[in-house]
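Here the structure comes first, spelled out in structure tokens, and everything after it is commentary.
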Amino acid sequence: MKKVLVFLMTAIMACSLLLTGCGGEEKKAEPAKVLRVGTEPAFAPFEFPKEGSSELTGFDVELIQAIGKQLGYKVEVSGMGFDALIPALNAGNIDAAIAGMTITDERKKAVTFSDPYYTSGLIVMVKKDNAAVKSIDDLKGKRIAAQIGTTGEMKARSVEGATVTTFNTQDEAALELKNGGVDAVIGDLPVMEYYLAKGGNKFAMTVGEKMEAEQYGIAVKKDSKLAAELNKGMEELKKNGEFDKLYKKWFGEAKK
Ligand code: ARG
């Protein structure tokens, strides 16, 4: 009986030693670093909801996900107004903004940008039956729509005598054109082209040349070291071919 007891006690002790031993060696998984990313998600093909879902997709979304993965971040993308992105960065509510955002000197005063990742430009869109407007020069004194806080809005405001109306999204600006509330929309060329290709060409067309060579960059809080980190991740994706693959997937051709 005594022997059995001793045996049992030893067994229990051995077990608990083993257990604590195991527990001590168990590696605590590092919680994944989270990269909180903001965007304005009505900007196809750069950021837009997947059909029938609230999940976002597009070139920007897949690019930041790939960069994040490269750097060991769990990427969380949330949508907000385009004009809310820079304030959200400054308030520390998001770590980065990727939203087809043009790198401008004005914005550089408020935020820091990554290296450019896409070359864009502005274009004028009018109704298909509008034979009078051939370029931005024909918009003097006319009614122009643009997305609020964008370079398209700034361009529209530079047109002499024009009445400029701003909208929360590019799509709403286009709808205003369709409804006859404005004579033209000024916005980003790749987004307008996508819109026309997806059915917008039933009522609208672009006119004139692409205006200004604009570069898109990822914005982070002013002077944040995150910009250099994102650049490093993007460099890796360029080296390993993933960047080109994404570019081809969304634009059907290699980056020029
Ligand atoms: N490239 C333009 C700008 O930076 C328009 C960007 C709009 N982006 C968006 N996600 N709605 O002003």
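The values are calculated or read from the model by the stated rules, or taken from the named source; none is laboratory data. Remember, it's a predicted structure, so these values are computed and weren't measured experimentally. All accessible areas refer to the heavy atoms of the entire protein, side chains included, with ligands and DNA or RNA removed. Shrake-Rupley method; radii C 1.70, N 1.55, O 1.52, S 1.80 Å.
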### Query
Against the longest alpha carbon principal axis of the chain, how many degrees, from 0 to 90 and to the nearest 10, is the axis of helix 2-25 turned?
30 degrees
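Length gain on complete extension for the stretch residue 249 to residue 54, per 0.36 nm per residue less the alpha carbon to alpha carbon distance? Can you show the working numbers first?
Numbers: separation 195, 0.36 × 195 = 70.20 nm, distance 2.11 nm.
Here the segment from residue 249 to residue 54 would lengthen by 68.1 nm.
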### Query
What accessible area per residue comes out for the range 43-110, rounded to a whole number of Å², with a 1.4 Å probe?
43 Å²
### Placed amide H near residue 80: partners under 5 Å, 5+ positions off or other chain
39, 40
#### Entry: Debye log10 I(q)/I(0) at q = 0.19, 0.21 Å⁻¹ for the range 140-188, Cα point scatterers
-0.46, -0.56
### Query
For the range 100-133 and the range 52-98, what is the separation of their C-alpha centers, rounded to whole Å?
19 Å
### Cα-based Kirkwood hydrodynamic radius, the range 82-158, one decimal, Å
14.7 Å
### Task
List, largest first, the extents of the alpha carbons of the range 132-221 along their principal axes, each in whole Å.
42, 31, 24
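So between residue 209 and residue 235, what do we pick up on full extension, going 0.36 nm a residue minus the alpha carbon distance?
Values: separation 26, 0.36 × 26 = 9.36 nm, distance 3.15 nm.
Answer, rounded to one decimal: 6.2 nm.
Got a number for carbon plus sulfur as a percent of the chain's accessible area, 1.4 Å probe? Let's see the in-between values first.
Values: 7770 of 13970 Å².
The nonpolar share, carbon plus sulfur, comes to 56 percent.
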### Query
Across the range 114-123, in residue order, what do the Karplus-derived ³J(HN,Hα) couplings come to in whole Hz, using 6.51 cos²θ - 1.76 cosθ + 1.60 with θ = phi - 60° and x for Gly and Pro?
6, 4, x, 10, 7, 9, 10, x, 9, 8
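Any chance you could run the full-extension gain for residue 132 through residue 175? It's 0.36 nm times the residue separation minus the Cα-Cα distance, nm to one decimal. Numbers along the way, then the final one.
On the way: separation 43, 0.36 × 43 = 15.48 nm, distance 2.02 nm.
Answer, rounded to one decimal: 13.5 nm.
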### Query
In degrees from 0 to 90, rounded to the nearest 10, what is the angle of the helix 59-71 Cα long axis to the longest principal axis of the chain?
30 degrees
### Message
P(r) for the chain, please, calculated from all Cα pair distances in 5 Å bins and given in %.
### Response
1, 6, 11, 15, 15, 13, 10, 7, 4, 3, 2, 2, 2, 2, 2, 2, 1, 1, 1, 0, 0, 0
### Task
Compare 58, 180, 79 in a GNM of the chain, Cα atoms joined below 10 Å, and give the one with the largest fluctuation.
180
### Task
Report, in deg cm²/dmol and to the nearest 500, the calculated mean residue ellipticity at 222 nm for the chain, where each DSSP H run with n ≥ 4 adds -39500 (n - 2.57) and the sum is divided by the residue count.
-11500 deg cm²/dmol
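Taking only protein heavy atoms and a 1.4 Å probe, what accessible area per residue, in Å², does the range 112-252 have with all protein chains in place? Write out the running numbers ahead of the final one.
Numbers: 6860 Å² over 141 residues.
For the range 112-252, the per-residue accessible area is 49 Å².
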## Note on the structure
Mean 1/r over distinct Cα pairs of the range 49-117, inverted to a Kirkwood Rh in Å, yields 13.3 Å
### Message
Just to verify a number: what accessible area does residue 94 come out at with the full protein assembly present, 1.4 Å probe, Å² rounded to tens?
### Response
10 Å²
